[in-house]
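**Student:** First the structure, then my questions, so here it is.
The values are calculated or read from the model by the stated rules, or taken from the named source; none is laboratory data. Because the structure is a prediction, the values reported are computed rather than measured. Ideal geometry is used to build each Cβ from the backbone, glycine not excepted, and the neighbour counts take in all protein chains shown.
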Amino acid sequence: MHNPYKPIPMRIARTVVETDDQSLKSFELTFERKADQEKFFSKYRPGQFCQLSIFSKGEAPFGVASAAWEGDFVRFTINKIGVFTRAIHEMKPGDTIGMRGPLGNWYPIEDWKGSNIVIIGGGYAFTTLFTLAQHLLAPEIRSQYGDLTVIYGAREPGLFLYKKVIETWYERKDINFYQTIDNPREGWGHLVGYVPTVTKEIAPAAENAVAFVCGPPVMIRFTLPVLNELCFPPERIYTSLEKRMKCGIGKCGRCNVGPKYICKDGPVFTFAELRELPSDL
Amino acid sequence: MNQLTLAIRREAARILEENIVDVVIGFEAGTLPLRAQPAFITQKEEAEKLMYSGFCQNNLASYLTRRPKEERIGIICRGCESRAVRALVIEHQHDRDRLYLIGIPCTGIIDWRKIERQVGENALQAVEEGDEVIVTTRDGEHRFQRADVLHDSCQRCLHPNPVGADIVLGDPLPEGDPEQAWAPVLEFEALPPEERYAYFVQEAERCIRCYACREACPMCYCTECFVDYTTPRWAESMITPSGTQAWHIIRAFHQTGRCVSCGACERACPMDIKMTYLVDKLNYDMVQQYGFEVGASNEAQPPFAAFTLDDKNRFVR
Amino acid sequence: MYKILSKAGLPGLIEKWMEQATVYAPVRQGDFTQFEPLDDPAQADLYYTANTRYPPKALFLPQSEIMFRAKDGELESTEDEVSSRVILGIHSCDTRALQLLDGVFLAGDYQDPYWAKKREQTTLVVLGCADPCETCFCTSVGSGPFDKRGADVMLINIDDKYVADVRSEKGQALFDHLPDASQEQVVTSRQVQAAAAAKMEKPFESEGIKDKLYSLFDSDFWPKIQQSCLGCGICTFLCPTCYCFDIVDEAQRNERVRNWDTCMFRIYSQEASGHNPRPTNTERVRQRIMHKYAYFVELYDEIGCTGCGRCVRYCPVNLDIRQIIRSAQAWEES
């Protein structure tokens, strides 16, 4: 019987310091066993997360930050905030780490073929939106969708993730990419302003469009009304929730909100679904 | 209807009507024959539901740190509750000016488990009549001498009379006999260490770490208890002898000179674990070595929670 | 099929079972009864009233369970460290609770192997309650003192005998060789069962409770009823349908362990950022009640409470769930 609590062994192939203040680091993990790799990629879809496990330090959930076509690895971008993440930050290429996944539901873009996609992200929450954008940019996928608009805000230029990749998005014709920072900075060549304000200015059309929004609660709180004004209905606005998780598979009760488990029935929800959930979130 | 209940209702209604307090904490009838429920009333009309009996087994002072800080609180206080209130005020957990203590000299709390051990778990009705407790079960009536079915802590109670109360309802009772009260401590201490340890291990073994003892205790009010710390981790949450024994020992030590010997911890425990014997010894040492008894005065600080510049510091050489 | 067994013959039967399996039964220990593995059939104390304090769910979801042992960098699962077991004398409420928990542990995309293997290896010989206790309320939550759901065998006590209602292959393996019960005995056993259920009062009406509780979510009901709750873990730990757990690495013993956890503790939902979605006792009490009587109903169309009465008896402040549900049903927002 498959034991869903048992992590598979992964090896750290590459680490990239993403932010200038060193607080965010990406880890690209490869599979020790080919069978695990095949199983993973047969199920994996953008928006899902995995539990990373270090014995003696515990486990924690992280959104997957790479699209399948990027290679035989799985990328996680990790913020150094506690005992567990501090331990991961100290790991180097060659070290092994446990992983359980892919877990949870995913961004259901299969349901929206032919639509225009609007992606709005702020801060560290951009990880799975990056995945979604990357997934959509694969040639055989891209042609199935309409316009792709990505609005990505960070406090300062140094805090953007995946800088090398997103720079190339400006040169592409198949993606309308907008970066914005909170306050003007010398040498900054892109937009200035909070994400909700910038979204309002860019005014992506709601007709035949679906939006994916992730960011700090304050950003979401002010972006939603903007999307409302632009006539995006709540069933066409998706977000990814975070909550304290332990088992990641809907058994231990920790991430429960009303009748739902964030790890099993989420983490991706539409705003229409969120409205139905109790407020102890 | 006992006189005390009527007096409590009158006083509670009065202090609410005269806007002396925002809430009165007392007891109301429970849903089980041998029990009562803590009650929180804010309107004078609600005073009718207050009652008092030997089945009121909770230390109401444990609610003080759970109420909003600005609330003015009227509270029914027996001996142990009033001493806990004093201790909480000394520890700056509450403002005495915002409290109104309705003092009740206490004849002890009836231990429902002592009764059930003898007549089974299906009591239908229970009444106190003078020195007796009459319990009706499915197979008829059973009579107990009240003194025989009091909770252990009440049988050893030194101070049944409330201290520092704003009003005392009922007649004062004789204070307890210290020799009788401390006798179990000395008896236990006289046992060989292996026996004492075996007893401790045996009691702690049943513990399911529900922390009811902590929550029922008026003096355990830390917003983050030491058992919840992960850095450093003082006691593991797993049910192991080391984790559980650490829990019991450290909690007893944290209660030294603060515990009012009310026994609420034992009454709350679902596994019938004895635990007052640990802190009773520590409190005994406080009396013997520091002349300190919790709740005895309005000013004296608990020796392990305070210091003065001329402390003897015998342990520092 | 119905078999007949004399009370006097039970110890001999237990001994037979002990040749192939570990037999658990209620055993008196000091002042109370607990499920323990038997060394000797005479230890079994089947006539415990009320309920065991500690719920027999612990035999399937132990309060502390080692999930993995770390050896040379690998985590080795303990899921197969389970042997054949018979649990004798478990009541309907606890048996039904196990069945409800199957819905959590066995359904969906992932099955919990620790739970699954224990369930597979265990035969439940249920002793129905002919004389339900004052604090029992199984009939109010869609169950009853002789609820057979989840039982491999249901024993019904008639005079000095048991009628054994054998309901599964596992049960058959234990009772097959016994004589069949007579028609008269079966009829008597049915009368005993009906009489037991009829004796029980219904402290509340559960019809519509899910919708009523949802409608009360933001009301003053919760701040009011939670006042006496101390926020300890007794109700959740003694509850046969509570299942929340925490996973912890005990590095010093090379173990990854799971321990019962409770939504009644403040740190249960505390997040690393400091945010706590259930910051006060009000939210936590609301969560507990709504999980059992609303969210569980939403998910499984069954009330997540089997009326065993342990929380009623052992709550230190006599906060009575029967009274809470009754008040909720009657609550009118002013």
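**Student:** Would you confirm whether or not the range C:284-297 contains a residue that is buried (at least 22 other Cβ atoms within 10 Å of the Cβ), of a type in the set (S, T, N, Q), facing another protein chain (nearest Cβ under 8 Å) and assigned to a helix (DSSP H, G or I)?
**Tutor:** Within the range C:284-297 (the criterion being buried (at least 22 other Cβ atoms within 10 Å of the Cβ), of a type in the set (S, T, N, Q), facing another protein chain (nearest Cβ under 8 Å) and assigned to a helix (DSSP H, G or I)), the answer is yes, since at least one residue qualifies.
**Student:** Within the range A:228-247, is there a residue that is surrounded by 13 or more Cβ atoms within 10 Å (Cβ to Cβ), within 20 Å of A:F126 (Cβ to Cβ) and more than 19 Å from the chain's Cα centre (by Cα)?
**Tutor:** Checked the range A:228-247: at least one residue is surrounded by 13 or more Cβ atoms within 10 Å (Cβ to Cβ), within 20 Å of A:F126 (Cβ to Cβ) and more than 19 Å from the chain's Cα centre (by Cα).
A quick yes/no check of all residues on (1) touching a strand residue (DSSP E or B) at 6+ places or on another chain (Cβ under 6 Å); (2) in the same structural domain as A:L132 (by TED's automatic domain parsing); (3) not in a helix (DSSP H, G or I):
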| residue | (1), (2), (3) |
| --- | --- |
| A:A211 | yes, yes, yes |
| A:F222 | no, yes, no |
| A:P225 | no, yes, no |
| A:N228 | no, yes, no |
| A:F269 | no, no, yes |
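**Student:** Looking at this structure, is C:A151 assigned by TED's automatic domain parsing to the domain that holds C:N51, in a loop (DSSP other than H, G, I, E, B) and at pLDDT 95 or above?
**Tutor:** yes
**Student:** Does C:I267 satisfy the condition of being over 16 Å from the mean Cα position of the chain (by Cα), part of a helix (DSSP H, G or I), crowded, with 21+ Cβ neighbours inside 10 Å and not polar (S, T, N, Q)?
**Tutor:** Criteria not met by C:I267.
**Student:** Follow-up. If I ask for residues that are hydrophobic (A, V, I, L, M, F, W, C) and either without any contact (Cβ under 8 Å) to a residue 12 or more places away in the chain or surrounded by fewer than 20 Cβ atoms within 10 Å (Cβ to Cβ) (or both), which ones from the range B:228-251 would you list?
**Tutor:** B:W234, B:M238, B:I239, B:A246, B:I249, B:I250
**Student:** Here is a further query. Out of the residues in the range B:182-202 meeting the condition of being touching a helix residue (DSSP H, G or I) at 6+ places or on another chain (Cβ under 9 Å) and aliphatic (A, V, I, L, M), tell me which one is nearest to B:I73 (Cα to Cα).
**Tutor:** Among those residues, the one meeting the criterion is B:V185.
**Student:** Okay, next question. Do you know which residues across the range B:239-297 are touching a helix residue (DSSP H, G or I) at 6+ places or on another chain (Cβ under 6 Å), within 14 Å of another protein chain (Cβ to nearest Cβ) and among the hydroxyl-bearing types (S, T, Y)?
**Tutor:** B:T244
**Student:** Same structure, new question: If only one of B:A36, B:A87 is closer than 21 Å to C:C229 by Cβ and not acidic (D, E), which one is it?
**Tutor:** The conditions single out B:A36.
**Student:** Let me ask something additional. Against the condition in contact with a Phe, Trp or Tyr (Cβ under 7 Å, 6 or more places away or on another chain) and in contact (Cβ under 8 Å) with a residue 12 or more places away in the chain, how does C:R119 come out, does it pass?
**Tutor:** yes
**Student:** Just a yes or no: is a residue in the range B:126-144 over 17 Å from B:G79 (Cα atoms) and in contact with a His (Cβ under 6 Å, 6 or more places away or on another chain)?
**Tutor:** yes
**Student:** On to the next question. Could you tell me which residue of the range C:66-75 is modelled with the lowest pLDDT, considering only residues that are more than 19 Å from B:S237 (Cβ to Cβ) and facing another protein chain (nearest Cβ under 9 Å)?
**Tutor:** C:G73
**Student:** Out of all the residues in the range C:250-262, is one or more closer than 30 Å to C:D72 by Cα, basic (K, R) and more than 9 Å from chain A (Cβ to nearest Cβ)?
**Tutor:** Looking for residues that are closer than 30 Å to C:D72 by Cα, basic (K, R) and more than 9 Å from chain A (Cβ to nearest Cβ), one finds at least one in the range C:250-262, hence yes.
**Student:** Then there is this: Give the number of residues within the range B:298-315 that are under 19 Å from B:V89 (Cβ atoms) and either within 14 Å of another protein chain (Cβ to nearest Cβ) or among the aliphatic types (A, V, I, L, M) (or both).
**Tutor:** Selection size over the range B:298-315: 3.
**Student:** For the structure I just gave you, tell me whether C:S92 is away from every other protein chain (no Cβ under 12 Å), touching a Lys or Arg at 6+ places or on another chain (Cβ under 8 Å), polar (S, T, N, Q) and surrounded by fewer than 17 Cβ atoms within 10 Å (Cβ to Cβ).
**Tutor:** No.
**Student:** Oh, and also: I'd like to check which strands (runs of 3 or more DSSP E) are fully inside the range C:22-99 and have at least 2 residues that are charged (D, E, K, R) and not assigned by TED's automatic domain parsing to the domain that holds C:F296.
**Tutor:** Answer list for the range C:22-99: C:64-71, C:74-77.
**Student:** Out of curiosity, is B:H92 under 30 Å from B:S297 (Cβ atoms) and exposed (fewer than 15 other Cβ atoms within 10 Å of the Cβ)?
**Tutor:** Here the answer is yes, as B:H92 does meet what is asked.
**Student:** Okay, next question. Of the residues in the range A:56-89, how many are touching a Lys or Arg at 6+ places or on another chain (Cβ under 7 Å), closer than 24 Å to A:Q37 by Cα and within 13 Å of chain C (Cβ to nearest Cβ)?
**Tutor:** Total meeting the criteria: 1.
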